[in-house]
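To start, the structure itself, in C-alpha cells.
The values are calculated or read from the model by the stated rules, or taken from the named source; none is laboratory data. What you are looking at is a predicted structure, and each value in this text was computed from that prediction instead of being measured. Ideal geometry is used to build each Cβ from the backbone, glycine not excepted, and the neighbour counts take in all protein chains shown.
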Amino acid sequence: MRALVARAPGAPLRVEEIRLPAPGPGELRVRVRAAGVCHSDLSMVNGTLAPAYPLVLGHEAAGVVVEAGAGAAVPVGTQVVLNWAPACRRCWHCRHGEPWLCAANTAPAVPRGETADGEALHVTLGLGAFAEEVVVPEAAVVAVPDDLPPERAALLGCAVLTGTGAVRNTARVAAGESVAVIGLGGVGLSVLTAARAAGAAPIVAVDVAEAKRGLALAAGATHFLVPDDRLSKEIRALTEGRGVDHAFECVGRAATIRTAWRLTRRGGAVTVVGMGGKDDLVSLSALDIFHSARTLRSSVYGSSDPDREVPGLAREVGDGTLDLTPLISGLVTLDEAPEAFDRLARGEGARWVVTFPD
Ligand code: APR
Ligand code: ZN
C-alpha cells in the first residue's frame, strides 16, 4: 500500500510502500478517498512540530469502511469522516463535556505498521491519512451520507470542524458582532464562512498574502486587509473606534496572537485557533491584560464533539447552508502531494485535497 511518508523534519517527502496490521478488535480498515493538506501536517514536515519518524502524514480525511475487526459495528461500505481526537468517553474531560480535550488523545504520532524494509512506522494523530488505507479504532470515524463528495467530507474532519467550532462553540459569535480573522488558510477561511453564517458584521479578513483577497471575500469577509502599520487604525475605523468583538488567530504564531490582541476591543475576546511552536513566546503587559479586560483563549478542534457535530455539518454542506467551494483550491494525486505541501508553505490557495482513484 502506498503512503506519503516524512522521514525527518526538513527531509523531502516521499511516497513509499508501507504495511499496516489487519484491523484488530474494535478497529476498522478504511479505504481513503480524499485527504486535505493542512498546516499541522506541514508543521510536522518543516520541524515546527517534531513528533516521531518515519511518519505517515495526513489527518483530515474521508473514506469508505472496507473491513471491520471483531466487534466493530460500522458496516462495510459506509462513508466516514476520520476524527483525529476520538473521545474515550471515560476520562475526566469526556465526562465533563470536553471530549476535544480527551486525556487519551495527546500523541501527535502513534506507532502503527512498518515501512517496506520493516522499520517501525508512525501515523499522524492516530490516522496517517495520506495513504491508500488506514486502520483506526471505530471511535475515530463518523458516518456521513454516501452522496457527500469525499473532498468535502474530508475537510469536515479538520479545517471545517475547527473553524466552525471556533466561531460557534468557543467564541459563540452572535449576529451583529464584529469579527477579525488573521490567517486565511483552510482554517481561517472556514472561520470566515461560519462567521458569515452567524450573521457577524463587519467581518475583517487579514492575511500577508494579497492573493487571499478574492478567497476571503468569497468565503464571507466584508473587508480584506494586508497587515501593516495602519492595521489597528483601519480596524478601529470599521468598528466605531473600539476594535472587534472577536479576533480569531489562524496562523499559529506569537506575533499574530499579539496582533489579534491589539485588534480586539476592551472586553472582547481573542480565540487562538492556530497551533504555534513551544518556544514562540507571546508577550503582553500586565497592565494591558488588566485594563483591556480582554479574554484570550484557545480553541482545540473547535471545542467540538465530532460524533455529534460532523453529521450536522454534513447536512449543512448537503443542503447548501455551508458552502465549502471557496475552501477547495484543487484536487491532486498522492504523487503530487509533495508539490501541494510546497504550495501550502508558499501560502498559495486554500485547501489542496489529495484524492484517491476508486
Ligand atoms: N499575518 C497574517 N497572515 C499570515 C501571517 C501573518 N504574519 N503569516 C502567515 N499568514 C497566513 C498565510 O499567508 C496563510 O494564508 O496564514 C495563512 C495560513 O494558512 P495555511 O498555511 O493554509 O494554514 P491552515 O491549514 O489554515 O492552518 C492554520 O491552524 O490548525 C492550525 O496548525 C494549523 O497553525 C495552523 C493554523
Ligand atoms: Zn488539521
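Quick notes on this one:
- The set of residues in region 239-251 being more than 9 Å from ligand 1 (Cβ to nearest atom) and either in a loop (DSSP other than H, G, I, E, B) or touching a Gly at 6+ places or on another chain (Cβ under 6 Å) (or both) consists of THR239, GLU240, GLY241, ARG242, GLY243, ASP245.
- Reported count of residues in region 213-234, each being surrounded by fewer than 17 Cβ atoms within 10 Å (Cβ to Cβ), within 22 Å of ARG351 (Cβ to Cβ) and out of contact with any Phe, Trp or Tyr (no Cβ under 8 Å at 6 or more places or on another chain), is 3.
- Scan of region 148-169 for residues that are within 16 Å of ligand 2 (Cβ to nearest atom) and β-branched (Val, Ile, Thr), ordered by number: VAL160, THR162, THR164
- For region 160-169, the criterion of being outside the structural domain of PRO75 (by TED's automatic domain parsing) and surrounded by fewer than 24 Cβ atoms within 10 Å (Cβ to Cβ) is satisfied by at least one residue.
- Exactly one residue among ALA254, ALA269, ALA209 is touching a residue at least 24 places away in the same chain (Cβ under 8 Å), surrounded by fewer than 23 Cβ atoms within 10 Å (Cβ to Cβ) and touching a Leu at 6+ places or on another chain (Cβ under 7 Å), and that residue is ALA254.
- Candidate set: region 235-251, residues that are surrounded by fewer than 24 Cβ atoms within 10 Å (Cβ to Cβ) and among the acidic types (Asp, Glu); chosen: the one nearest to ligand 2 (Cβ to nearest atom): ASP245
- Exclusive hit being more than 18 Å from SER40 (Cα to Cα) and either within 14 Å of ligand 1 (Cβ to nearest atom) or in contact with a Gly (Cβ under 7 Å, 6 or more places away or on another chain) (or both), set PRO150, PRO202, PRO227: PRO227
- Selection from region 181-192 of residues that are part of a helix (DSSP H, G or I) and within 16 Å of ligand 2 (Cβ to nearest atom): GLY186, VAL187, GLY188, LEU189, SER190, VAL191
- Of GLY47, GLY63, all but one fail to be under 26 Å from ALA143 (Cα atoms) and either under 22 Å from the mean Cα position of the chain (by Cα) or modelled with pLDDT under 95 (or both); the exception is GLY63.
- GLU98 among the charged types (D, E, K, R), modelled with pLDDT of 95 or more and either crowded, with 24+ Cβ neighbours inside 10 Å or within 28 Å of ARG7 (Cα to Cα) (or both): no
- Filter result (surrounded by 23 or more Cβ atoms within 10 Å (Cβ to Cβ), over 16 Å from the mean Cα position of the chain (by Cα) and under 27 Å from GLY165 (Cβ atoms)) within region 110-128: VAL123
- Filter pass, ARG31 being surrounded by fewer than 20 Cβ atoms within 10 Å (Cβ to Cβ), more than 16 Å from ligand 2 (Cβ to nearest atom) and at negative phi: yes
- Wholly within region 252-342, helices (runs of 4 or more DSSP H) carrying at least 1 residues that are within 23 Å of ALA140 (Cβ to Cβ), hydrophobic (A, V, I, L, M, F, W, C) and in contact with a strand residue (DSSP E or B) (Cβ under 6 Å, 6 or more places away or on another chain): 306-318
- The condition of being without any contact (Cβ under 8 Å) to a residue 24 or more places away in the chain, more than 15 Å from ligand 1 (Cβ to nearest atom) and in contact with a Gly (Cβ under 9 Å, 6 or more places away or on another chain) holds for ARG236.
- The listed residue being within 15 Å of ligand 1 (Cβ to nearest atom) and not assigned by TED's automatic domain parsing to the domain that holds ALA140, out of VAL282, VAL317: VAL282
- Any hit, region 151-167, residues being in a loop (DSSP other than H, G, I, E, B) and not aromatic (Phe, Trp, Tyr): no
- Residue in region 302-313 that is within 13 Å of ligand 1 (Cβ to nearest atom), of a type outside the set (Lys, Arg) and surrounded by 15 or more Cβ atoms within 10 Å (Cβ to Cβ) present: yes
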